[in-house]
1. Looking at [x] 17.2; [y] 18.2; [z] 22.8, which value of Kirkwood radius over Cα pairs in Å comes from a calculation on the structure shown?
2. So how much slack lies between residue 91 and residue 69, counting 0.36 nm per residue of separation and subtracting their Cα-Cα distance, in nm?
3. Distance in nm between label sites at residue 174 and residue 121, each 7 Å beyond Cα in the beta-carbon direction?
4. Starting from 0.36 nm per residue, how many nanometres of slack lie between residue 113 and residue 154 once their C-alpha separation is accounted for?
5. List the aspartates and glutamates whose Cα lies under 18 Å from the Cα of residue 40, skipping any in the same chain that are fewer than 8 positions away.
6. HN-Hα J couplings of region 169-182 from phi, Karplus 6.51/-1.76/1.60, θ = phi - 60°, integer Hz, Gly and Pro as x?
7. Name the shape class, rounded, prolate or oblate, that the alpha-carbon gyration tensor gives for region 8-112, where a ≥ b ≥ c are the square roots of its eigenvalues, rounded holds for a/c under 1.5, and otherwise prolate holds if a/b is larger than b/c and oblate otherwise.
8. What ³J(HN,Hα) values, in whole Hz, does the Karplus curve 6.51 cos²θ - 1.76 cosθ + 1.60 give for region 39-53 when θ = phi - 60°, with x put for Gly and Pro?
Amino acid sequence: EKAAAPVVVRPPFEIDWITEPLDPPTGLPGRKAFDENLAKLLQIGHDSRRDSGLLLLKIDKFENHRRRLGVTDSDKLVKKLTAVVCRSVRDQDLVCRYSPDTLAVLLPDTDTETGRTIACVIRDTVRSYHFRVEEHGPEIFVTASFGYSACYPHDNPDLAVNRSADALSKSQQRGRNQLHAHDGQTVKHCLAG
């Protein structure tokens with residue numbers, strides 16, 4: 001009689017996000033909270049031996065919007081972008097304000113392929129959204145560049161951010177609404193689905 005293969009029980013991937021301090025214009029966790037959450041995500045990934053993901057999305061030509069619209073209205077655009085992104089992610093994901101023109105999305109317990117798929121959904125949602133400062137005001141052409149990276153159990157925060165930033169940089173070089181993904185070895189362009 002054949003012996004049954006041992007059942008490998010993986011510890012659960014549970015994370016309680018730190019949401020303070022908040023970024024006032026968007027109501028999202030700010031940069032300090034992002035840094036703490038990324039470290040926490042990677043530690044839990046290490047302990048549970050599970051992958052996660054990090055997506056950076058940067059508003060293209062943000063300084064042009066700031067000059068043309070002013071600080072208040074450009075903040076309203078960022079807030080609208082925030083709402084669009086928050087509607088595109090899963091309940092367990094966390095969206096943070098990384099810098100004035102950049103949002104970061106932490107995707108816990110996510111394999112590389114699923115992470116790329118979620119990043120594509122977010123990119124497509126942003127790309128197809130009609131941005132307006134005021135509900136009935138003129139449409140404002142807003143695009144973003146996207147950089148996704150898998151976060152592996154052995155990664156540290158700097159490595160994860162650098163890989164996502166590298167992918168983001170490739171997207172910015174290629175043009176608006178582009179998504180590149182870093183798998184730990186190479187950066188690949190992700191075509192629209």
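The values are calculated or read from the model by the stated rules, or taken from the named source; none is laboratory data. Just so it is clear, the structure is predicted and the values come from calculations on it, not from any experiment. A quick note on method: Cβ atoms are made from the backbone with ideal geometry, for glycine too, and the neighbour counts reach across all protein chains shown. The protein model used for the area step is the full one, side chains on, heavy atoms only, and it has no ligands, DNA or RNA in it. Shrake-Rupley method; radii C 1.70, N 1.55, O 1.52, S 1.80 Å.
1. The calculated read-out lines up with [x].
2. Numbers: separation 22, 0.36 × 22 = 7.92 nm, distance 3.26 nm.
Difference between extended and current length: 4.7 nm.
3. Roughly 2.1 nm, to one decimal.
4. Once the chain is fully extended between residue 113 and residue 154, it gains 12.9 nm.
5. Residue 40 reaches 14, 16, 20, 51, 91, 93, 109, 111, 155, 158.
6. With coefficients 6.51, -1.76 and 1.60, one gets 4, 5, 5, 5, 5, 7, x, 6, 6, 9, 10, 10, 10, 10 Hz.
7. Judged from the Cα gyration tensor, region 8-112 comes out prolate (a/c at least 1.5, a/b above b/c).
8. Per-residue couplings from phi come out as 4, 5, 4, 5, 5, 5, x, 5, 5, 9, 6, 10, 7, 9, x Hz.
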